[in-house]
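The values are calculated or read from the model by the stated rules, or taken from the named source; none is laboratory data. These figures come from a predicted structure and were not determined experimentally. Reconstructed Cβ throughout: ideal geometry from the backbone, glycine too, with neighbour counts over all protein chains shown. Only protein heavy atoms, including side chains, enter the accessible area calculation; ligands, DNA and RNA are left aside. Shrake-Rupley method; radii C 1.70, N 1.55, O 1.52, S 1.80 Å.
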Amino acid sequence: MKKLQSSLLNMVLVLTGVAVIMGCILAAVNNVTSDPIAQQEKKALQEGIQKVMGGQTVQAGEQPDTIISMTDKKGKTFYYSIYNVKDSVGNPIGAAVQDTVNGFGGDLVVLVGFDEAGIIKGYTLLKHAETPGLGAKADEWFKNEDKPKACILGRDASDSLYVTKDNGNVEAITASTITSRAFLLAVNNAYRAYRLSSGAADECGKGTENCCGKKKSCDMPCCQGETNKEEVEPKEEETES
């Protein structure tokens with residue numbers, strides 16, 4: 001067999017062939033794995049909805065009933081998925097809202113359950129990259145009934161939630177103030193989206209007097225014009241609250 005001459009053209013042809021073959025392999029792998037991944041994500045969402053609505057048997061669609069968009073002062077748009085929830089016999093009992101904020105380690109995807117009066121029923125983290133042993137504790141910290149100052153379950157979401165360091169009434173995760181602020185911002189914004197999906201006016205919660213002038217925790221538009229989903233930025237080390 002005649003040996004190919006070493007030339008720029010031959011090298012380009014070989015590299016192109018390798019790239020095409022690898023592309024076909026990756027496409028085949030993606031086709032095999034994409035459906036199982038999507039099914040797993042749907043299952044996790046449905047289980048999450050049941051969990052955040054108090055663990056009872058509920059009915060909710062696989063797709064959101066409403067998608068609310070909000071634009072901050074920098075022109076960036078954020079989207080909130082609202083899943084209307086019914087009990088086992090079909091009576092409306094509230095909604096689960098999926099929200100994404102910027103945590104300490106990256107995207108923090110939170111699913112929050114509200115009853116029709118705006119009381120927080122539960123929450124779960126669908127995705128996060130927070131520090132193990134620190135920010136990752138958010139998955140349980142704010143639902144621990146043995147820590148009443150930290151637990152948000154049963155609270156009226158119209159009274160906006162902020163960490164005590166920002167003159168709020170929620171105890172932050174020890175040494176994880178950034179994650180705590182990001183999580184509470186997600187809950188506040190989720191409630192705001194829930195109200196908007198119900199046709200309510202976009203207005204401040206009752207707790208905004210504690211946030212005006214504090215850029216890192218203020219998320220309401222009437223608080224000096226700050227909407228903010230970008231106020232929580234992972235630009236500092238997590239510190240003791």
Inset, instruction - For segment 39-103, state which trypsin sites (Lys or Arg not before Pro) are in a DSSP loop and have at most 10 other beta carbons lying within 10 Å of their beta carbon. - result: 74
Inset, instruction - Post the alpha-carbon centroid distance, segment 109-143 to segment 64-100, in whole angstrom. - result: 15 Å
Legend entry - Among the listed pairs 43/74; 51/137; 51/149; 74/121; 86/165; 51/76, those beyond 29 Å (Cα-Cα): 43/74; 74/121; 86/165; 51/76
Legend entry - Heavy-atom accessible area ranking, 1.4 Å probe, most first, across 191, 79: 79, 191
Legend entry - At most 11 other Cβ within 10 Å, DSSP loop - trypsin sites (Lys or Arg not before Pro), segment 111-198: 149
